[in-house]
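A.B. asks: So that we are looking at the same thing, I have put the structure below in structure tokens.
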Amino acid sequence: MWIACGKFTGNELSRRQEIISMPDTILRYKYVPVDGSFEMPFDKKGSLSIIKDGTMKFTNRKEFNDPFDGWPEIDVKATLKWATKNPPSDMKKHIDSIIEREKGRLPPAQRLLERSRFRRKNEINFENIFFEEFDKYGICSLSRTPLNLLMWAHYAKDHKGFVIEFSIPILKSFEQFSDDQGNIFTQKLKSYGSYTLYPFPVSYEKEKPVVTGDTQAFDKKFITKGKDWEYEQEERVIDFIQGCGVHPYDRKQVLKSVIAGVRMRDEDFTVLKNTVDTVNKEQGMNVTVHKAEPVKGKFALTVPDRDDLNIHNM
């Protein structure tokens, strides 16, 4: 689930070689504004909390700035049919939970009858049921690039904010999440994914996805957006366990650096640098602080002391 290269092909030896050749970490970025957390006495929660407290906000799809994002089309009949034929599916469990909530705990035979009636009478409202389940999960958006001019303008408040860089470990083995028989503890694995901020790449399409209850429903619900958003190079961390809210992440392992915007005020840059210095001292970390600068003669940004980031301008 957390392996970035997708499905393996060939024999077991080639699979192992493919895993070994994968990088140990990936670099991902979060654009954030200067907000109330920069104001004295520095006790407000906000963008600095990502650094100071080691917490990250996971949002509901209803908070997205794109009204199309997180609202796939639902083929109600196909999804209901799929849920009926796949007893372990979350959708069927959700239908059962609604029946029990609205009808009380029924005998098994009557519950089967009520489920059938429920499907027939509530197909029109089934989208609400589907999205009610969807809304349990929290989403945190990251990007593959730290130097996109539009991202700096939109999410870092006109280049006055900053970008946080994360070095995220790639999971190459499931051993720590399985027992002696090789059974994987799914909940523990999912928690690990959100704690280390491991993201899923967003797919950009011209047409809205249609959910039919198949195994691709995850992609269609969480990680598909319109083509106009392709410049964001977005990847999403999904919190399946804690859901929406502000949650801790593995700051000591993944927090790598911060990059101040070209328009960040001197006093805000001082607060940012002091915050990083304090965290480094208290946590024994080595988070670095940089500042973006315009590239002469181009519509582009650079980070002078980070030549490795300039690949994003190529």
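A.B. asks: Just to check your reading of the model, which residue among Lys220, Lys273, Lys296 is among the charged types (D, E, K, R), in contact with a strand residue (DSSP E or B) (Cβ under 8 Å, 6 or more places away or on another chain) and modelled with pLDDT under 95?
C.D. replies: Lys220
A.B. asks: Filter region 22-73 down to residues that are acidic (Asp, Glu) and over 17 Å from the mean Cα position of the chain (by Cα) and give me whichever is nearest to Lys157 (Cα to Cα).
C.D. replies: Top of the filtered list is Asp35.
A.B. asks: Further question on the same structure: Tally the residues that are assigned to a loop (DSSP other than H, G, I, E, B) and either modelled with pLDDT of 65 or more or closer than 18 Å to Leu27 by Cα (or both), restricting the search to region 119-152.
C.D. replies: 8
Condition check ((1) part of a loop (DSSP other than H, G, I, E, B); (2) farther than 21 Å from Lys62 by Cβ; (3) of a type outside the set (Asp, Glu); (4) without any contact (Cβ under 8 Å) to a residue 40 or more places away in the chain) across all residues:
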residue: Val237; (1), (2), (3), (4): no, no, yes, no
residue: Ile241; (1), (2), (3), (4): yes, no, yes, no
residue: Val246; (1), (2), (3), (4): no, no, yes, no
residue: Asn280; (1), (2), (3), (4): no, yes, yes, yes
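A.B. asks: Do you know which of the residues in region 153-208 that are at pLDDT 70 or above and of a type in the set (Lys, Arg) is nearest to Asn65 (Cα to Cα)?
C.D. replies: Top of the filtered list is Lys157.
A.B. asks: Could you identify the single residue in Lys136, Lys160 that is more than 22 Å from Glu232 (Cα to Cα) and in contact (Cβ under 8 Å) with a residue 24 or more places away in the chain?
C.D. replies: Only one candidate passes the filter, namely Lys136.
A.B. asks: Of all residues in region 37-88, count the ones that are modelled with pLDDT of 75 or more, part of a helix (DSSP H, G or I) and exposed (fewer than 14 other Cβ atoms within 10 Å of the Cβ).
C.D. replies: The total comes to 2.
The values are calculated or read from the model by the stated rules, or taken from the named source; none is laboratory data. Quick caveat: nothing in here was measured; it's all calculated off a predicted structure. Cβ coordinates were reconstructed from backbone atoms using ideal geometry, including for glycine residues, and neighbour counts include every protein chain displayed.
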